[in-house]
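A short write-up of the structure that comes next.
Each reported figure results from applying straightforward, stated rules to the coordinates on display, with no laboratory input. What you are looking at is a predicted structure, and each value in this text was computed from that prediction instead of being measured. Cβ coordinates were reconstructed from backbone atoms using ideal geometry, including for glycine residues, and neighbour counts include every protein chain displayed.
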Amino acid sequence: MAEVLVVTSGKGGVGKTTSTAALGAALAQTGQSVVVVDFDVGLRNLDLVMGAERRVVYDLINVANGEVRLQQALIRDKRVDTLYLLAASQTRDKDALSEEGVRRCILELQNRFDWVICDSPAGIERGATLAMRYADLAVVVTNPEVSSVRDSDRIIGLLDSKTVKAANGERMEKLLLVTRYDKVRAGRGDMLSIDDVLEILSIPLLGIIPESEEVLRASNIGAPITMASPQSAPARAYGDAARRLNGESVPMTIPSGRQTLLNRLFGRRAA
Amino acid sequence: MTIATRPPRHSFRFRGRNFLALVLRPEKPLADWLADLDQWLERSPGFFTGKPLILDLAGLAFDRAEVVTVLAELGNRAIRILGIEGADPVALDESLPPLLTGGRTSGSVEAVDAIARRPPAAPETAQPSPAAKSGPRVKPGASAAPAQPEAILPPAATAQSLLVEAPVRSGQTIMNPDGDVIVLGSVASGAELIAAGSIHVYGALRGRALAGAYGDERARIFCRRFEAELIAIGGYYKVTEDTESGLRHKPVQAWLSGTELMVASLDQAEKEMGTWRKS
């Protein structure tokens, strides 16, 4: 039975979709079967980041409403064959999702895959609460700045009250993924430090993803960063985070870009 | 906030439960009072909806006919009464709401006065309770002798404190209308603590803390790391900007001195107590 993981943050633009794709791909690359599910109905992006936007026929809403079989809506990744995508509908809105439909859909996915990764929409409304409702584990994506941290704190509160696990009195596991971390700016004090963020949110740290242009490049070519440039700093950080999700103990380091002699000579073309 | 107390198990299961009721106290002449009420209801329609209401008739010496009239008039305004306090038992029969005794006050904020003594621009959330927002003669809490609220402050033994062992997250409200709130973790920015009594935070206080929310001016706020957005005691409030910046990140306590909300470092207080003992 799969572990259902929700990637959530409260605030928009902090890297939920990027992280969903990267973690999904990294887990799938270890041979486990993974499905990434886009819950951002009406504003879907995961299909773009996964490079599958031209192959979407049916989506989550069709499956949740019982209009098509799950098999018809799952899109298999062309690069890693244990990785699947269940896209969101772009033409509907979040009210089109029913709680019962989502429950059935998640249950079916759980029986088929090792990991079900739900990409939550921003906000705390219906879409976000439905995405987290049936999760076993949450990855809270946070940028090291105050508004993102406060929104994450709010989401952690919701994870402790709105999920089925919390309603049953069980402990909802929450892990912190700090993205867009810039060592230099944090050192200068322009950014919250990891310690500050951890002190405020007080949940275990899953990983620290350094800020990098590679991430934008990867999403533009439609590939999770762990596939687009596996040697880049963020890809290695996501790889480490995925290994921690698998229960491995990996020392917490912040990978940095390779500083080759050529790089140094020609300036910081690649971060 | 509902506090359930579980009595020993019998064949029937009864549960004691405390509710915070609003006490409505008519005045004579009744017609004028009802006119005031109407005027006020116009401004806050639906204020009483779903709220437990007690009618306080102490000192009014209403006979049965008068009690029936008041109840009927209130009924016409969709105000239903749960129980009656301070009435002559002879005036009540089985068709009327039961006579209640032993209510203890949870502070008697005369709503009108409460507004007058508060700074004019007090943010809405700094109001001690929804009941004290506005309106005539509405007091939160079942009060037996409203004329002298100070004299009948609840004995400390009955106050029930609320212990929160987890961090309080942004957007959450922790409320204890019966006593203190004690938080072992931190209180995040955007979170809110409301206590009838004092507030103790053993982590960082970054959100709002409203102590003495039902008028207890002896309530205090303690925290190990002071970064609060707003603190209030007995309706008097202070935002972070108004507090001395030297106190930020420090362990502090806040208390009410007359009408001024004081904040001081706890370390300082300890030191002062030390010197006072020596002298």
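Observations on the model:
- For B:188-196, mean number of other protein chain Cβ atoms within 10 Å: 3
- Partner chain coverage, peptide A:201-210 - average Cβ within 10 angstrom: 1
- Rg to Rh, two decimals, where segment A:1-152 supplies the alpha carbon set and Rh follows Kirkwood: 0.94
- Overall Cα dimensions of segment B:156-277 - principal axes, largest extent first, Å: 38, 31, 25
- Partner chain coverage, peptide B:169-176 - average Cβ within 10 angstrom: 5
- Helical runs (DSSP H, four residues minimum) scored at -39500 (n - 2.57) apiece and divided by the length of chain A put the mean residue ellipticity at 222 nm at -11500 deg cm²/dmol.
- With neighbours defined as other Cβ atoms within 10 Å of a residue's Cβ, the residues B:Thr259, A:Thr226, A:Thr30 order from fewest to most as B:Thr259, A:Thr30, A:Thr226.
- Per-residue Cβ neighbour rank within 10 angstrom, fewest leading, B:Ile194, B:Ile231: B:Ile194, B:Ile231
- Rounded to the nearest whole Hz, the Karplus-based 3J(HN,Hα) values (6.51 cos²θ - 1.76 cosθ + 1.60, θ = phi - 60°) of segment A:210-218 follow the sequence x, 4, 7, 5, 4, 5, 5, 4, 5, with x at glycine and proline.
- Legend: ranking of residues A:Asp190, A:Asp136, B:Asp216, A:Asp153 from fewest to most surrounding C-beta atoms inside 10 Å; resulting order A:Asp190, A:Asp136, B:Asp216, A:Asp153.
- Relative contact order, whole percent, for segment B:156-277 stands at 16, derived from Cα pairs under 8 Å and 6 or more residues apart.
- Note on segment A:3-265: percent of Cα-Cα distances in each 10 Å bin, starting at 0 and stopping at the bin with the largest distance, equals 7, 33, 37, 18, 4, 1.
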